[in-house]
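Notes to accompany the following structure.
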Amino acid sequence: MSDTSVTVSAAANIALIKYWGKSGEAGNQPATASLSIGLEHLRTTTSVTLSGQDSIEGLDDKATSRLAGFVDDFRDQFNIRQPVSITTENNFPTASGLASSASGFAAVTLALTHLLQPDLDDRGKSRIARRGSGSAARSIFGGYVQVVLSDDSYAEPIMPASKWPLDVLVAVTQEDSKSMGSSEAMQLTAATSPVYDNWVASHAADMEIARVAIRDRDFLRLAEVSEHNCLKMHGTMMTSRPPVLYWKPATIAIIHLAQQLRAGGTRVFFTIDAGAQVKLICEPNDTQTVIRALESVEGISRLIETRVGGDPIIQ
Ligand code: DP6
């Protein structure tokens, strides 16, 4: 770290209670709150150096122009003219429902604010990251995190990972990019799904149940509300016109497996974001049982083992 250069590692997160839908045109103002866990080992590492000329390395053309727009927006907000050189790297597949935009925009936000707005508080950083991607507001923090809805929504930590150290398995069922990005799919859903209004109206109740379950470390309660919220979100997608169906056969096989295992007493539940991958949240004593059971599922190309965590690291 120096006054002119910094490297930041920020982790991906997965929402147990989902953000799906926006309330305005600009700035990724979410229509629903959300509640997530940080993923300790799925990280983006981003270096920012104050330089004579802007440059971005490590991303494809689409992601590069999205990041360039974000940097311009950041500079406009604070009336800064300083050019920056950015290099960024993910240690997991991008754009396949593994939340690379969350860790990516959180990492660059932490690096830019470290160098150019050092007095900004965490809430301010979270709001900036949100403008890059709604889910990135949460990756400013590790552990259990919630988004608070306001005119300028932000995330805040609700419990550190150490208070409830659950394991997370990411079953990769699709290696290539997903069929439609989340921003576009959200827009389509809000405009065409007949159940979208109910999704928004019933969301606060799910948030409250999840918050209480986390406070009480009540696994079964968290499992029930998380799976319900996930399926409800995918229900809004599937009932859009045209429908958005991200799932692969293996996605459905894993849903059934998680439900069977839990009925037999194994502490596991699933969640799925805008993609085909399934994330399984497990009590650590039961993780090996779940891994063994997954061996019987066809169509899993990779299993990533991680745990709740993901505090950002500034070097
Ligand atoms: C299904 O944060 O990727 O993962 O704000 O348009 O960048 P944009 O969307 P993004 O959407 C995340 C959707 C989700 C649910 C969630 O993470 O809460």
Tally the residues that are polar (S, T, N, Q) and within 12 Å of the ligand (Cβ to nearest atom), restricting the search to segment 264-279. 2
Where a residue in segment 142-165 is without any contact (Cβ under 8 Å) to a residue 60 or more places away in the chain and more than 19 Å from D206 (Cα to Cα) and its partner, wherever it lies, is charged (D, E, K, R) and assigned to a loop (DSSP other than H, G, I, E, B), with Cβ under 8 Å and at least six apart: K163/R217
For residues that are more than 12 Å from the ligand (Cβ to nearest atom) and out of contact with any helix residue (DSSP H, G or I) (no Cβ under 7 Å at 6 or more places or on another chain), tally how many sit in segment 55-67. 8
Subset of segment 171-183 that is more than 13 Å from the ligand (Cβ to nearest atom) and crowded, with 19+ Cβ neighbours inside 10 Å - its residue that is farthest from E283 (Cα to Cα): Q174
Would you pick out the residues in segment 117-163 that are of a type in the set (A, V, I, L, M, F, W, C), over 23 Å from E283 (Cα atoms) and either assigned to a loop (DSSP other than H, G, I, E, B) or more than 17 Å from the chain's Cα centre (by Cα) (or both)? L120, L149
List the pairs whose first member sits in segment 92-115 and is within 12 Å of the ligand (Cβ to nearest atom) and at pLDDT 70 or above, whose second member is assigned to a helix (DSSP H, G or I) and of a type in the set (A, V, I, L, M, F, W, C), and whose Cβ atoms are under 7 Å apart, counting only residues at least 6 apart or on separate chains? S101/A136; A102/A136; F105/F70; F105/A129; F105/A136; A106/A129; A106/A136; A106/I140
Restricting to segment 53-77, name every residue that is over 19 Å from S5 (Cα atoms) and exposed (fewer than 14 other Cβ atoms within 10 Å of the Cβ). D60, D61, K62, S65, G69, D76, Q77
Candidate set: segment 170-209, residues that are closer than 19 Å to F270 by Cβ and not in a helix (DSSP H, G or I); chosen: the one modelled with the lowest pLDDT: K178
Inside segment 184-210, can you point out the residues that are of a type outside the set (A, V, I, L, M, F, W, C), closer than 14 Å to Y19 by Cβ and surrounded by fewer than 19 Cβ atoms within 10 Å (Cβ to Cβ)? Q187
Segment 211-250, residues that are more than 17 Å from Y144 (Cβ to Cβ), buried (at least 17 other Cβ atoms within 10 Å of the Cβ), in contact with a Phe, Trp or Tyr (Cβ under 9 Å, 6 or more places away or on another chain) and among the β-branched types (V, I, T): T236
Extreme residue, surrounded by the fewest Cβ atoms within 10 Å (Cβ to Cβ), among residues of segment 259-274 that are among the hydrophobic types (A, V, I, L, M, F, W, C) and touching a residue at least 12 places away in the same chain (Cβ under 8 Å): L261
Would you call D167 modelled with pLDDT of 95 or more and outside the structural domain of T287 (by TED's automatic domain parsing)? no
Residues that are more than 16 Å from the ligand (Cβ to nearest atom), under 17 Å from S34 (Cα atoms) and without any contact (Cβ under 8 Å) to a residue 24 or more places away in the chain: does segment 242-258 have at least one? no
Filtering segment 21-49 down to residues that are within 15 Å of the chain's Cα centre (by Cα), part of a strand (DSSP E or B) and more than 9 Å from the ligand (Cβ to nearest atom), which residue is surrounded by the most Cβ atoms within 10 Å (Cβ to Cβ)? G38
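The values are calculated or read from the model by the stated rules, or taken from the named source; none is laboratory data. Just so it is clear, the model here is predicted, and its values are computed rather than measured. Please note: Cβ atoms are built from the backbone with ideal geometry, for glycine as well, and neighbour counts cover all protein chains shown.
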